[in-house]
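Report on the structure given below.
The values are calculated or read from the model by the stated rules, or taken from the named source; none is laboratory data. Since the structure is predicted, the reported quantities are computational estimates derived from the model, not experimental observations. Here the Cβ positions follow ideal geometry from the backbone for every residue, glycine too, while neighbour counts run over all protein chains shown. Note: accessible area is taken over every heavy atom of the protein model, side chains too, but ligands, DNA and RNA are not part of it. Shrake-Rupley method; radii C 1.70, N 1.55, O 1.52, S 1.80 Å.
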Amino acid sequence: MPRHHHRFVVPLLCALGLVVSIVAIPEPAAAQPVFRIAGPDRYTTAALISGQFAPSGAPVFIASGENYPDAIAAGWISGVAGFPVLLVRRDSIPTVTQNELARLAPPGIYVLGGTAAVSDAVFAQLGQPGVAVIRLAGADRYATAAEIANNFAAPAMVVSQPTVLVASGTDFADAMVAGAAGAVYGGLPLLLVPPNGPLSLPVVNALTTLAGAGYVNIAIMGGPAEVSPAVEAALAGLGFAVARVPGLNAYERSVAIWLFLPPAAYDVVVTTGENWPDGLAGALFTGQAQAAGITANQNVMVLTRTACVPGVVAAGIAAAAPSRITILGGNAAVSPAVEAGTVCP
């Protein structure tokens, strides 16, 4: 595959200067309507996010609510195609999830992850008459993410950028925002990698398949501590043009990844970068809320600390000029101080 830079990667190499300029002028966003989608637990929050949308006849993703990798790995296709992500326990289906499945009446269900994540008993319970249930699973989180990409990645010519997003499989924050960005950028697949490698055969095979479909770039969401230089070199060795989304931490990167959108006003989805449950289904809202008439503008997802908004994020929100901010999670995850726009010292 030819190695050449595409318009997604070239700005990526220049964006650090933009991030520095944002950090230099932190300011709270002007007052906008703030909405909160929150339930008493992660299962209810995921169902409430799904419940924002009318039943569409689309399939549904079912993933474990007891760990994050499988749900996050499906965020990019959930957000671009409108497939809700609902959560289950390994050995049972919460009532709130059952109720949302009944409302949606999906023609098919994709169960993400192996039996260690979602048991065969739950799989069987999901198989109601007229509902096709398919398990997408690999030997580990990396192989499962690769399996999702293998099943849903479109040819590169139909997405906005021929780019594969890569994030650490052991750090939820970067991967969660990358999944939402993959949706907004038109369906860029997300693969997970171990921080220090090696790249497993399923990941290499998925990348080879994506290369054959026309993907020429890789954007790494994470610094050297999250995705090591050795892994970066291994990715480049497969023939891709590789660049990193700039930023010293996940909060900065959650702003930087959106700098490649055309200039416009964007509404904002905010979730905590300190824990993962509330953001698991957030890519659906980020990708689909404008089309559903819920928000006036396309949405972007950013991360916040629980107690206050990092300065870079506050400035990024101000630059987006949102008409609405949507918080995912309750007060314990995203405090009233964040809702009020309090910037971290």
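Take the residues of the stretch 206-241 that are among the β-branched types (Val, Ile, Thr) and open to solvent by less than 30 Å² (accessible area, probe 1.4 Å): which is nearest to the chain's Cα centre (by Cα)? Give the derivation first.
Of the stretch 206-241, the ones among the β-branched types (Val, Ile, Thr) are 208-209, 216, 218, 220, 227, 231.
Still in the running and open to solvent by less than 30 Å² (accessible area, probe 1.4 Å): 216, 218, 220, 227, 231.
Numbers: Val216: 21, Ile218: 16, Ile220: 14, Val227: 17, Val231: 21 Å.
Once the filter is applied, the top-ranked residue is Ile220.
Within the stretch 68-90, how many residues turn out to be part of a strand (DSSP E or B) and surrounded by 24 or more Cβ atoms within 10 Å (Cβ to Cβ)? Write out each step before concluding.
The first filter runs over the stretch 68-90 and keeps only residues part of a strand (DSSP E or B), leaving 85-89.
From the residues that got through so far, the ones that are surrounded by 24 or more Cβ atoms within 10 Å (Cβ to Cβ) too are 85-88.
The total comes to 4.
Looking at the stretch 325-340 only, could you name the residues that are open to solvent by 40 Å² or more (accessible area, probe 1.4 Å) and either in contact (Cβ under 8 Å) with a residue 12 or more places away in the chain or assigned to a loop (DSSP other than H, G, I, E, B) (or both)?
Across the stretch 325-340, the qualifying residues are Asn331, Ala332, Glu339, Ala340.
Identify all residues within the stretch 91-114 that are touching a residue at least 12 places away in the same chain (Cβ under 8 Å), surrounded by fewer than 16 Cβ atoms within 10 Å (Cβ to Cβ) and at negative phi; write none if there are none.
Narrowing the stretch 91-114 to residues touching a residue at least 12 places away in the same chain (Cβ under 8 Å): 91-94, 96-97, 99-101, 103-114.
Next cut, surrounded by fewer than 16 Cβ atoms within 10 Å (Cβ to Cβ) only: 91-92, 99, 103, 105, 107-108.
Within the stretch 91-114, Asp91, Ser92, Asn99, Arg103, Pro107, Gly108 qualify.
Please verify whether the stretch 248-271 includes one or more residues that are touching a Ser or Thr at 6+ places or on another chain (Cβ under 6 Å), hydrophobic (A, V, I, L, M, F, W, C), part of a loop (DSSP other than H, G, I, E, B) and modelled with pLDDT of 95 or more.
Here is the first cut: in the stretch 248-271, the ones touching a Ser or Thr at 6+ places or on another chain (Cβ under 6 Å) are 267, 269-270.
Filter once more, keeping what is hydrophobic (A, V, I, L, M, F, W, C): 269-270.
Next, from what is left, pick out any that are part of a loop (DSSP other than H, G, I, E, B): none.
No, every residue in the stretch 248-271 fails to be touching a Ser or Thr at 6+ places or on another chain (Cβ under 6 Å), hydrophobic (A, V, I, L, M, F, W, C), part of a loop (DSSP other than H, G, I, E, B) and modelled with pLDDT of 95 or more.
Would you check if there is a residue in the stretch 257-270 being touching a strand residue (DSSP E or B) at 6+ places or on another chain (Cβ under 8 Å), in contact (Cβ under 8 Å) with a residue 12 or more places away in the chain, open to solvent by less than 30 Å² (accessible area, probe 1.4 Å) and over 18 Å from Ala183 (Cβ atoms)?
No, because not a single residue in the stretch 257-270 is touching a strand residue (DSSP E or B) at 6+ places or on another chain (Cβ under 8 Å), in contact (Cβ under 8 Å) with a residue 12 or more places away in the chain, open to solvent by less than 30 Å² (accessible area, probe 1.4 Å) and over 18 Å from Ala183 (Cβ atoms).
Mind checking whether some residue in the stretch 273-290 is among the aliphatic types (A, V, I, L, M) and without any contact (Cβ under 8 Å) to a residue 60 or more places away in the chain?
Restricting attention to the stretch 273-290, the residues satisfying the condition of being among the aliphatic types (A, V, I, L, M) are 280-281, 283-284, 289.
Checking which are without any contact (Cβ under 8 Å) to a residue 60 or more places away in the chain leaves us with none.
No, because not a single residue in the stretch 273-290 is among the aliphatic types (A, V, I, L, M) and without any contact (Cβ under 8 Å) to a residue 60 or more places away in the chain.
Of the conditions (1) closer than 27 Å to Gly186 by Cβ; (2) open to solvent by less than 10 Å² (accessible area, probe 1.4 Å), Ala132 fails just one. Which one is it?
For Ala132, the failing item is (2).
Would you point out which residue out of Pro202, Pro189, Pro195 is open to solvent by less than 10 Å² (accessible area, probe 1.4 Å) and at pLDDT 95 or above? So that I can check it myself, show each step before the final result.
On the way: Pro202 fails: open to solvent by less than 10 Å² (accessible area, probe 1.4 Å); Pro195 fails: open to solvent by less than 10 Å² (accessible area, probe 1.4 Å).
Criteria check complete, one pass: Pro189.
So which of Gly82, Gly114 ends up being under 26 Å from Gly293 (Cα atoms) and not hydroxyl-bearing (Ser, Thr, Tyr)? Even if it seems obvious, please write down each step before you answer.
Values: Gly114 fails: under 26 Å from Gly293 (Cα atoms).
Every option except Gly82 fails the conditions.
Please count how many residues of the stretch 306-324 are in contact with a helix residue (DSSP H, G or I) (Cβ under 9 Å, 6 or more places away or on another chain), open to solvent by 20 Å² or more (accessible area, probe 1.4 Å) and within 28 Å of Pro84 (Cβ to Cβ).
Going through the stretch 306-324 one residue at a time, the tally reaches 1.
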